[in-house]
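Reviewing the structure listed below.
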Amino acid sequence: MNIVDRFLQYTRINTTTSREKGAAGIMPSSDGQMVLAQLIAKELEALGMEDIVLRDTAILTATLPSNMPVSAQSASIPTVSFFAHLDTSAEQSNDTKAQIVPYNGGDICLNAELDIILKHAEFPELAQYVGDDIIVTDGTSLLGADDKAAIAAIMHALQTLKANPDILHGDVKVAFVPDEEQGLRGAKAFDVESFGADFGYTLDCCGIGEFVYENWNAGDAVITFTGQSAHPMSAKGKLKNSLLMAHQFISMLPAGEAPQYTEGREGYYWVKEMTGNSAKTVLKMDIRDFTKQGYQNRMAFLQNLSDSCAGLWGEGTVSIHLADRYENVANSLEGDASFPIEIAKEAYARNDIQMNAIPMRGGYDGAVLSQKGLPCPNIFTGAHNFHSIYEYLPVKSLQAASAVVVEVIKITAERHS
Ligand SMILES: [Zn+2]
């Protein structure tokens, strides 16, 4: 099967994540994810993969065994792995009706009837795909290239290796996980130890050339302000207004260190949610920083600010709960552990792909997996405009993603034999 048909086939299965079922602890949160996992499992079987395991959670894993002549060197080849997620974002839930458009520049009409246009003026990066075929939606759904392009790229790479036994490789593992689009739930439930890979890559970022090995160190803060309510007749000297405490607390945060004022590697405090009344107010915040030290400083700052305010306003007026959410992948790719980055760099270069390493101002499955001991940078899928009806996938970029997977596997074997 060619990679485009493979991809289109996956897009026909609706795998929209369900936040309601997810919140109720159900995994996968939608039946479509299991249907897709079953289809991939059958394809893995047809390709002759081994150790195919499809769990009740829709987590699917399989192994392409090494084809190297057994020797001391071949035994030392680390096991490389690749991850993609089965679900699509809940921003749109309609079935996907993908179409392939030969792109000659300008706008692309997605839906004449509904007058939905993918405009070059809004998405100027389209210009680099003139002469390529672009897969788009009919404007009424996501394309789901996030992350079905990754599934197609990985499956096509396995097919390529099976068809070309002269390409020598060590053990290769693949994994398909559910519910990435709601708190990376599939990756969190993933058993890294029994999987048995030494390092891995997720394929879950955008245009050709992108590469991610840095993301946030991320944490949450929940700050509770407890006031003292009183009737206005006798409030003087008695009423302690928790809303105003929260207001004052926020005013003492470093001005400018908020999402709307920061970019690149700049960290922030995000005042995200506040609910309450004069008696009790709960403030929720996100804390993000690329460096370990910066992250710790931010968490310590909030703790100190909370302690100081409690000192000022009285015992029991302010309490804070700080929690770590995920870590920067770069923390697990330092020094001798940086080889997954080196391998990817070489794989891009051998395919004449200009690497564009971007610090990701968000989390992804690889961040969770890295924290669990499986270092996982993130390779492009080739698609643009994730989570939008304007999501599109240039065919050559999809092919390039698959070529990079094959090259990573080759280089991993070459470096150790
Ligand atoms: Zn994704």
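The values are calculated or read from the model by the stated rules, or taken from the named source; none is laboratory data. If you're wondering where the values come from, they're calculated on a predicted model, not measured in any experiment. Positions of Cβ are backbone-derived with ideal geometry, glycine not excepted, and every protein chain shown enters the neighbour counts.
Structure notes:
- Scanning region 169-184 for residues that are out of contact with any Ser or Thr (no Cβ under 6 Å at 6 or more places or on another chain), away from the ligand (no atom under 11 Å from the Cβ) and at pLDDT 95 or above gives 169, 172, 174, 176, 178.
- Residues that are under 20 Å from the mean Cα position of the chain (by Cα) and outside any loop (DSSP other than H, G, I, E, B), drawn from region 350-374: 356, 357, 360, 365, 366, 367, 368, 369, 370, 371
- Residue within region 327-349 that is in a strand (DSSP E or B) and buried (at least 20 other Cβ atoms within 10 Å of the Cβ) present: no
- All conditions but one from (1) over 20 Å from residue 406 (Cβ atoms); (2) within 16 Å of the ligand (Cβ to nearest atom); (3) not in a loop (DSSP other than H, G, I, E, B) apply to residue 305; the one that does not is (2).
- Complete set of residues in region 100-136 that are in contact with a strand residue (DSSP E or B) (Cβ under 6 Å, 6 or more places away or on another chain) and either of a type in the set (Val, Ile, Thr) or free of Cβ contacts under 8 Å to residues at least 40 places away in the same chain (or both): 100, 101, 102, 107, 108, 109, 116, 117, 134, 135, 136
- Restricting attention to region 42-70 and to residues that are outside any loop (DSSP other than H, G, I, E, B) and of a type in the set (Val, Ile, Thr), the residue that is farthest from residue 167 (Cα to Cα) turns out to be 53.
- Note on region 79-102: among residues that are assigned to a strand (DSSP E or B) and away from the ligand (no atom under 16 Å from the Cβ), the one that is nearest to residue 62 (Cα to Cα) is 81.
- Residue count for region 323-373, restricted to those that are within 16 Å of the ligand (Cβ to nearest atom) and either farther than 19 Å from residue 84 by Cα or among the hydrophobic types (A, V, I, L, M, F, W, C) (or both): 7
- Residue check, residue 173 touching a residue at least 12 places away in the same chain (Cβ under 8 Å) and in contact with a Phe, Trp or Tyr (Cβ under 7 Å, 6 or more places away or on another chain): yes
- Residue identified as surrounded by fewer than 17 Cβ atoms within 10 Å (Cβ to Cβ) and within 30 Å of residue 340 (Cβ to Cβ) among 50, 91: 50
- For region 220-237, the criterion of being within 16 Å of the ligand (Cβ to nearest atom), touching a Lys or Arg at 6+ places or on another chain (Cβ under 9 Å) and assigned to a strand (DSSP E or B) is met by no residue.
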